[in-house]
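To start, the structure under review is shown below, and the notes come after it.
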Amino acid sequence: MRKVAVVGAGMTKFMRRAQETGKELAWETAKLALDSCDLTIKDVDCVVMGTAPDAFDMVHMKSEYLGDGAGAWRKPYVRGFLGGGTGVFTACQAWYHVASGMFDVCLAVTEEKMSSCLPHPQGAFVTCWDQFTESPLGTSLLWFFAWEMNRYMNAHGITQREIAEVSVKNKKNALHHPCAQLPGEITVDDVMNSEIMAWPVKRLDVSPTSDGAVVLVFASEDFAKRITDKPVWVEGVGWCLDTMYIGQRDLYYPKYVEYAARMAYDMAGIKDPRREIDIAEPYDPFSYKELHHAEGLLLCDKGEAVKLLLNGETQRTGRQPWCPSGGALGVGNAIAATGLMKVAELFWQLRGEAGGRQVPGKPRRGVAQAWGDEMQVGTVVVLGV
Amino acid sequence: MSEKIKAWPGTPLSEKDIREKRILVTEWQPNLKYAWDTGAGYGRYFAELKKGKIVGTKCNKCRRILLPARVFCEWCFRTVDEWVYLKDTGTVNTFSVAYTGTAAERLKEPRIPALIEIDGSDGVAIMHLISDVDPWKVKIGMRVKAVWKPKQKREGAITDIEYWKPI
């Protein structure tokens, strides 16, 4: 397989409601990403699209609807869809299009417009559940996260106050992200006193719903070296799906993330991710999820993530920063676009172009991860310079 | 090139902009209706619920109980071997005290959705609701029993169990 690099990136602001349509968000971002590496749509050999459920927009064949904004028409074009895991998978997909040798330049476009769904996009998830054994109970998507957080806390003796530190850290990190929707200086007490949504999940444990788009440009080694002296290499990719029957796996640990991570680390030749990964962007749509996923990414032992958080190792200036971007909690959670935002963050960080968010010490390798489908898919990308 | 990009695209709107029609919108409310066959596995699972019984299936290769009952073992990738009756008691694996409904609307009285490990299944849990209890007294590991709908009101659905209550 050929080496593949990321050579350009663009994104929109993340917003609760964007005036732009999905097509317009995709177009603005794709143009920005191409401009960032001085390419035009004529240089693009193929396009991959990541966008989460059609039900957000209630537009059937949403990727085709978004196709013109993504620059996809009259090109090989395919959509990957793994629910919340989509964004990082879009990078995996772009990687294999180029690595296969079939294409030199692949545009990876992720777009999400959640705000069209009224009164709240959470309603669009009603058919996520098993229509026979689950939906008739009057499900809310938040139940799932509440169960998992409860199980995770119970398994390791972790408190809600400890977990709240993730929200505090990520919203603070997002203060330096120019596209962030919910950056801020908050305290653990603010999180604890915020509205109970589905105990133990409170309002400030939850990322916002967002509209937004992120685009990356992937290129083969030869092509990348011709157009930039700062390529960021895709060193590893991995993805894995676990059982849909949530009563048949223990929610305290995301085994599917571990499997995906092992696939990516093996490819990257990483033996000890705790030492060999400089920065991590685990998916953090909920505060506990950053910790839960970091454990699945083998960045610490099971139940130990909270210790690294509390002793400051995961701060932007710490030994191994987690979510230096501000994550979904701070930047926003435009589902598919948030996954790719995390890969874009690695790109900017590894090139030393992250501005006020720049992690000191010239990080050389990072891992980004997303999670989704029916809450049991893990998608992982390792980038390095 | 985050630091090199000076202007980021996107025009944020507020909820008011839509509610008060300050911008042009096109609205549509779908009216769709579906009927899903329950199939062989869930078909019998629900027929047994109607009789007041919880049934699972068993794979004799991995010796696992499959619950909700289904006709093939996804790990061994073979047809299951037998149907197994389980008890209508269990243990709370995890739970929530939920103040939000399906579309994130707020509920005055919380509901207590839970995963309940069914006795006789070797720890396999099903999703259901706990009630008839102070929500703040529910604990992981709590023992619970099914409260069934009266026979004549059962329709062969997961809701034939109204809820679970502490034993």
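Label reach from residue A:243 (point 7 Å along Cα→C-beta): in region B:124-160, amide nitrogens under 14 Å belong to B:124-127. Here region A:218-272 and region A:116-179 have alpha carbon centers that stand 23 Å from each other.
About its Cα centre, the dipole of region B:39-166 is roughly 200 debye, where the only charges are +1 on Lys and Arg Cβ and -1 on Asp and Glu Cβ.
A Cα-only calculation for region A:153-239 places Rg and Dmax at 19.1, 54 Å. Hey, which aspartates and glutamates would be in cross-link range of residue B:153, C-alpha to C-alpha under 15 Å, not counting anything within fewer than 8 residues on its own chain? List returned: B:48, B:162. Comparing B:91, B:57, B:100 in a Gaussian network model of chain B where C-alpha atoms under 10 Å apart are linked, the largest mean-square fluctuation is found at B:100.
Of the beta bridges in chain A, as assigned by DSSP with both residues counted there, near 70 percent are antiparallel. Could you compute the FRET efficiency for residue A:187 and residue B:108, with r as their C-beta to C-beta distance and R0 at 41 Å, rounded to 0.05? Efficiency, rounded to the nearest 0.05: 0.90. Of all aspartates and glutamates in the structure, those lying under 19 Å Cα to Cα from residue A:171, and not within fewer than 8 positions of it along the same chain, are A:162, A:185, A:189, A:190, A:195, A:205, A:211, A:281, A:284, A:290, A:313, A:345. Of all lysines in the structure, those lying under 26 Å Cα to Cα from residue B:58, and not within fewer than 8 positions of it along the same chain, are A:255, B:50, B:87, B:145. A Förster radius of 22 Å, combined with the Cβ-Cβ distance separating residue B:7 from residue A:175, puts the computed FRET efficiency at roughly 0.70.
For the options A:65, A:152, A:256, a Gaussian network treatment of chain A with springs between C-alpha atoms closer than 10 Å singles out A:65 as fluctuating the most.
Think of region A:73-147 as a dipole: +1 on every Lys or Arg Cβ, -1 on every Asp or Glu Cβ, centred on the Cα centre; then among A:103, A:78, A:147, A:103 lies furthest on the positive end. Pairs exceeding 23 Å between alpha-carbon atoms, taken from A:62/A:289; A:169/B:137; A:225/B:4: A:62/A:289; A:169/B:137. In this structure the amide hydrogen of residue B:94, modeled in the peptide plane, comes within under 5 Å of the amide hydrogens of B:115, none closer than 5 places in sequence on its chain. Could you tell me which of A:209, A:312, A:137 has its Cα farthest along the dipole of chain A towards the positive end, charges placed at Cβ (Lys, Arg +1; Asp, Glu -1), taken about the Cα centre? Positive-end residue among those listed: A:312.
Using the Cβ-Cβ distance between residue A:307 and residue B:140 with R0 set to 22 Å, the FRET efficiency works out to roughly 0.50. Answer with one residue from B:8, B:104, B:41: the one whose Cα lies farthest towards the positive end of the charge dipole of chain B, charges on Cβ with Lys, Arg +1 and Asp, Glu -1. Highest projection toward the positive end goes to B:41.
Its relative contact order, with pairs defined as Cα atoms under 8 Å and 6+ residues apart, puts region B:39-166 at 24 percent. Per-residue ellipticity at 222 nm, computed for the protein assembly as shown from helices alone with -39500 (n - 2.57) per DSSP H run of at least four residues, works out to -8000 deg cm²/dmol.
Using only Cα atoms, tell me the angle between helix B:39-50 and the longest principal axis of chain B; keep it within 0 to 90° and round to the nearest 10. Value to nearest ten degrees: 70.
Counting other beta carbons within 10 Å of each Cβ, put B:155, A:313 in order, fewest first.
Lowest to highest Cβ neighbour count: B:155, A:313.
Volume of the convex hull of chain A (Cα atoms only), normalised per residue: 122 Å³. Take chain A, connect every pair of alpha-carbon atoms lying under 10 Å apart with a spring to form a Gaussian network, then pick out the residue of A:318, A:85, A:372 with the largest mean-square fluctuation. Judging by the Gaussian network model, the answer is A:318.
On a C-alpha basis, how far is the centre of region A:2-80 from the centre of region B:49-67 in Å? Whole number, if you could? A separation of 46 Å, based on Cα centres.
Every read-out reported here was derived from the displayed coordinates using simple, explicitly stated rules and does not represent laboratory data. No experiment lies behind these values; they were computed from the predicted model shown. Neighbour counts are summed over all protein chains in view; Cβ atoms, including those assigned to glycine, are modelled from backbone coordinates with ideal geometry.
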